[in-house]
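First up is the structure itself, then whatever we jot down about it.
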Amino acid sequence: MVALVRGAILVFMAILSVQFGGAFTATLIPRVGALGTVALRMSLAALVLAPIVRPHVRGHTRADWRKVLALTIALAGMNTVFYFSLERLPLGVAVTVEFLGPLGMAALGSRSLRDWLAILLALCGVVGVSGALSADWVHLDLLGLILALVAGIFWALYAKSAQLVGMNWSKLEGLWWAILLSSVVLAPAGFITAGIRLAEPYHLLTGAVVAVMSSALPYSLEMYALRHIDTTVYGILTGVEPAVAAAAGFLILGQNLTGPQLLGMAFVVTAAWLVMARGRQRE
């Protein structure tokens with residue numbers, strides 16, 4: 001139970017960090033574009049983590065590097081495809097479809113009725129909180145839906161590969177290599193779309209904040225979390241993220257919460273409680 005609680009706390013801390021970083025991301029995307037933002041945040045995240053991790057090339061097997069490669073692909077895909085889906089879909093719809101990835105992963109790993117109930121509650125909670133119920137699903141862009149679903153698959157791949165990397169690499173070394181390699185892939189695309197604007201002081205400063213709050217810190221926290229919890233628990237707990245965003249909007253920005261959003265938040269909290277109760281029951 002202690003390990004489960006520790007892992008859940010780390011996931012919640014990562015979610016809070018991402019929400020804080022999202023406020024800065026929203027100001028950066030209109031200036032340098034989605035690809036420029038992702039390239040800047042991943043490149044600077046690698047720079048920030050380098051003196052902390054102090055990575056080494058030697059001492060790792062081919063199997064270890066294959067796991068890092070899988071995490072690299074997941075990070076690069078997860079951080080780009082979702083932004084492309086937002087160009088074609090309302091935010092609530094994109095969020096809901098993307099969450100099918102981690103929740104589907106949780107469903108594949110579930111072994112009990114309690115797990116399935118938690119997954120169903122988390123899905124209903126995400127739908128309610130994200131505002132997807134008010135969307136006109138019949139006339140939605142098909143390519144946008146596919147992109148959001150692919151982003152969800154990358155998210156599930158990220159969770160599984162991060163867990164494997166965490167089991168086979170010490171501390172955050174494997175994560176750092178994955179972030180570095182993904183930045184090598186994304187940086188050229190970012191410079192093609194944004195050009196020299198990426199090097200402007202304001203963009204570098206904002207990008208550094210985004211790199212820490214949306215990449216370096218949450219990925220590190222989740223890496224440690226996945227050493228304590230399985231991907232089923234992680235997939236369900238991620239449903240808390242849109243609820244945290246809605247709560248932050250209410251508390252900080254004074255945004256109103258609708259009935260479906262409040263009900264969705266209750267569903268997500270119940271799902272998280274069921275997951276925690278499962279860990280207590282196993283003791």
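Bear in mind these aren't lab numbers, they're just calculated from the coordinates by the rules spelled out. Being a predicted model, the structure only gives us computed values, none of them experimental. Here the Cβ is made from the backbone with ideal geometry for all residues, glycine too, and neighbour counts use every protein chain on show.
Tabulated data
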{"read-out": "Rg and Dmax [Cα atoms of segment 101-260; Å; Rg one decimal, Dmax integer]", "value": "18.3, 54"}
{"read-out": "Spatial extent of segment 2-282: Rg and Dmax, with the Cα atoms as the point set, Å", "value": "18.3, 56"}
{"read-out": "Cβ-based charge dipole, segment 1-101, positive-most Cα from V57, L71, L100", "value": "V57"}
{"read-out": "Projected area averaged over orientations for segment 64-118, convex hull of C-alpha atoms, nm²", "value": "5.1 nm²"}
{"read-out": "Within segment 151-175: backbone nitrogen closer than 20 Å to the E87 label point (7 Å, Cα to C-beta)", "value": "151-155"}
{"read-out": "Compactness of segment 1-107, expressed as Rg and Dmax over alpha-carbon positions, Å", "value": "16.6, 46"}
{"read-out": "Alpha-carbon centroids, segment 1-21 and segment 63-80: separation in whole Å", "value": "22 Å"}
